[in-house]
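Read through the structure below, which is laid out as C-alpha cells, and then see the notes.
The values are calculated or read from the model by the stated rules, or taken from the named source; none is laboratory data. Quick caveat: nothing in here was measured; it's all calculated off a predicted structure. Note that each Cβ is placed from the backbone with ideal geometry, even for glycine, and that neighbours are counted across all protein chains shown. To get the accessible areas, we keep the full protein, side chains included, count just its heavy atoms, and leave off ligands, DNA and RNA. Shrake-Rupley method; radii C 1.70, N 1.55, O 1.52, S 1.80 Å.
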Amino acid sequence: MADTTQAIPQHALQRLAGLRREGHPDGIFTSDFTVNEFLLVRKAGFEPIGLCVGSCIYHLGIQFAGWTSNTELEVLSTAMYEARALAMERMRQEAANMGADGIVGVRLTVKRMEWDTKVLEFVAIGTGIVHAKGHPGFKGPKGQPFTSALSGQDFWTLLQSGYRPLEMVMGSCVYHVARRGPLASLGSVGQNVELTNFSLALYEARELAMERMQLEATEAGAEGVVGADLHEGSHNWASHVIEFFAIGTAVLPLAGGSDASSIPDPTLVLSINS
C-alpha cells in the first residue's frame, strides 16, 4: 500500500499541533464522546486527545458478470476494501502524530459523489486517547495505535473484564446475484417457494465477508472479535449487485489475563428517555 503520510493536509498537521498532550499542556482536546463516554474513558485510566480523521475518494473500476451467474465481483471487492483501508490508515497516522495510544469509537462511512457514479468517498473518524500517567498503556499491532469501534462505555467494560482492543478488522465482498429465467419465474407464480439461487448467493457473499474479517483477526494475533456487525448496500450500482461488509473489534486478554470472577455483575438500568 502506498505511503499515506503525504496525503495528510497541512491544515490537519496544524490542528494536531494544537492538541493537549505530553509537552503541550496548554492545548485543548477534542472528541465526539458523550459526557458518559468521556467520564468512563477517564475512569479506565485514559484521556482523550483529539478527533482523528482519514478520508479517501476512490474511483471504482468496472467488472461485468453473466446474466445467470452467481459470482463475486473481485475488482469491486478489492476496491471497497482498499479504499476503506486507506481512510483507516490516514486516521491511524493522525493518531500517531498526536501521540495517541489508540482510537475509540471509530466510524466508517461511505458516500457516493454526485459528480460521478463510480466515485465514492470513504471516511474514518474516531477519538484518539492516551493512557494517563501511571496507567499501563497498550498499543495495536506493530506498535501502532490500536483501533476500536467500541463506544466509551464498551471500552471501559472490556477493560474491566480483563480484555483490551487490538485492531478493527473487516472483510468485504461485492457479489453479483444471478437473475432467474422467464420459465423459472413463471413456474413460481402464486406459490410459496424458496428462491434457492438467491438464498445460496447471499449466503455465500455474507460468508466470504465474515471469513475475511476473521482472517484479519487471526493474522493480528487476536483471541476473538467483539461487536461484529454485517452491513449490506448497493451504493447505486447495477441491479443484482450488492456488497456485504463485515466489521468488528479484535481483542486480546490484558497482561494479567482475564478472570471471569472479577467481571462486575450486571445491574438493571431503567431508562427514562422517551
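How much of THR218 can a 1.4 Å solvent probe reach, expressed as accessible area in Å² and rounded to 10?
100
Rounded, prolate or oblate: which fits region 130-170 when a ≥ b ≥ c are the square roots of the eigenvalues of the alpha-carbon gyration tensor, with rounded for a/c under 1.5 and prolate only if a/b beats b/c?
It comes out oblate by the Cα gyration axes.
Could you calculate the contour length gain from THR218 to ASN236, that is, 0.36 nm times the residue separation minus the distance between their Cα atoms, to one decimal place in nm?
Working: separation 18, 0.36 × 18 = 6.48 nm, distance 3.29 nm.
Value of the extension gain: 3.2 nm.
Would you rank HIS59, HIS235 by solvent-accessible area, highest first, keeping every protein chain in place and using a 1.4 Å probe?
HIS59, HIS235
Taking all pairs of different Cα atoms in region 113-152, averaging 1/r and flipping that mean, what Kirkwood radius in angstroms comes out? Write down the numbers at each step before the final one.
Numbers: mean 1/r = 0.0738 Å⁻¹.
Answer for region 113-152: a Kirkwood hydrodynamic radius of 13.5 Å.
Among residues other than VAL226 whose Cβ falls under 13 Å from its Cβ, what is the net charge (Lys/Arg +1, Asp/Glu -1)? If you can, show how the numbers build up before the last one.
Details: positive: ARG164; negative: ASP154, GLU167, GLU223, ASP229.
For residues surrounding VAL226, the net value is -3.
May I ask you to give the percent of accessible area on region 57-157 that is carbon plus sulfur, with a probe radius of 1.4 Å?
On the way: 2570 of 4680 Å².
Exposed carbon and sulfur together represent 55 percent of the surface.
Return the FRET efficiency for the residue pair LEU254, THR109: r is the Cβ-Cβ distance, R0 is 35 Å, and the value is rounded to the nearest 0.05. Kindly include the intermediate steps, with their values, before the conclusion.
Numbers: r = 31 Å, r/R0 = 0.89.
Efficiency at R0 = 35 Å is approximately 0.65.
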